[in-house]
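The values are calculated or read from the model by the stated rules, or taken from the named source; none is laboratory data. None of the values given here were measured: they were computed from a predicted structure. Cβ: placed from backbone, ideal geometry, glycine included. Neighbour counts: every protein chain shown.
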Amino acid sequence: MALRKIRIWPDPELTIVASPVSEVTDEVRQLIDDLFQTMYDANGVGLAATQVAVRQRVLVIDLDPHGDAKNDPDLVDELTAWGFPGPTAFINPEIIASEGVFSWEEGCLSVPGITEPVKRKETVTVRALDRNGEPFELTAHGLFAVAIQHESDHLDGKVFVDYLSKLKRDVIKRKMIRLKAEESDSGEVAASL
């Protein structure tokens, strides 16, 4: 497994529409492992391949990244109510049904430090391939449904800030550009030591 660099919006890679995976190979399984490791390292609950500049329709989700559910029955009940089966990889995910609308305060590893309410479908049914290339379908509710929609958007070249007003997007864009400049400056210093 390897950590991959997460692209920060407005990186143009985040606007690319990912291509379907034609065959689930060891390379695709390695990508899945890398996505999980990168997501855990960044303290996230979902990550799409396009966020690490891989233009394939692959995403991963883990709503219990620290394993807290084993010691918290209320969290187990919540994860169960959302339909979350545990860490899940989706290859070529396709949302085939949805219902209800609600608002969820979303954040994104590609837009660090920013959260905003976004309207999403409350329940979604998704069809995908697992890491072995086997087809599956599942129905998700609440946060799990939000995560699937959010990460699927990435595969279609969308970031959650695309749902916000132009004014909010512009403010966030300036913050992200400053953040990238600060990271670039600190990287140059570190590299010169």
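Residue pairs, Cβ under 8 Å, 6 or more apart or interchain, first in region 13-28 and exposed (fewer than 14 other Cβ atoms within 10 Å of the Cβ), second among the hydrophobic types (A, V, I, L, M, F, W, C). List them. Listed pairs, sorted by first residue: VAL17/LEU155.
Of LEU75, LEU79, LEU59, all but one fail to be buried (at least 19 other Cβ atoms within 10 Å of the Cβ) and part of a helix (DSSP H, G or I); the exception is LEU79. Of the residues LEU164, LEU179, LEU155, which single one is surrounded by 13 or more Cβ atoms within 10 Å (Cβ to Cβ), closer than 17 Å to ILE16 by Cα, out of contact with any His (no Cβ under 9 Å at 6 or more places or on another chain) and in contact (Cβ under 8 Å) with a residue 24 or more places away in the chain? Criteria check complete, one pass: LEU155. Residues that are within 14 Å of GLU106 (Cβ to Cβ), in contact with a strand residue (DSSP E or B) (Cβ under 8 Å, 6 or more places away or on another chain) and outside any loop (DSSP other than H, G, I, E, B) within region 154-176 comprise HIS154, PHE160, VAL161, TYR163, LYS168, ILE172, listed in sequence order. Scan region 86-112 for residues that are loosely packed, with under 13 Cβ neighbours inside 10 Å and either modelled with pLDDT under 95 or part of a loop (DSSP other than H, G, I, E, B) (or both) and the total you get is 1. All but one of (1) surrounded by fewer than 21 Cβ atoms within 10 Å (Cβ to Cβ); (2) at pLDDT 95 or above; (3) not aliphatic (A, V, I, L, M); (4) not in a helix (DSSP H, G or I) hold for GLY44, so report the exception by its number. So GLY44 meets the others, but not (1). Taking the stated definitions as given, is VAL118 in contact with a strand residue (DSSP E or B) (Cβ under 6 Å, 6 or more places away or on another chain), of a type outside the set (Lys, Arg) and farther than 26 Å from ILE32 by Cα? Spelling it out, VAL118 is indeed in contact with a strand residue (DSSP E or B) (Cβ under 6 Å, 6 or more places away or on another chain), of a type outside the set (Lys, Arg) and farther than 26 Å from ILE32 by Cα.
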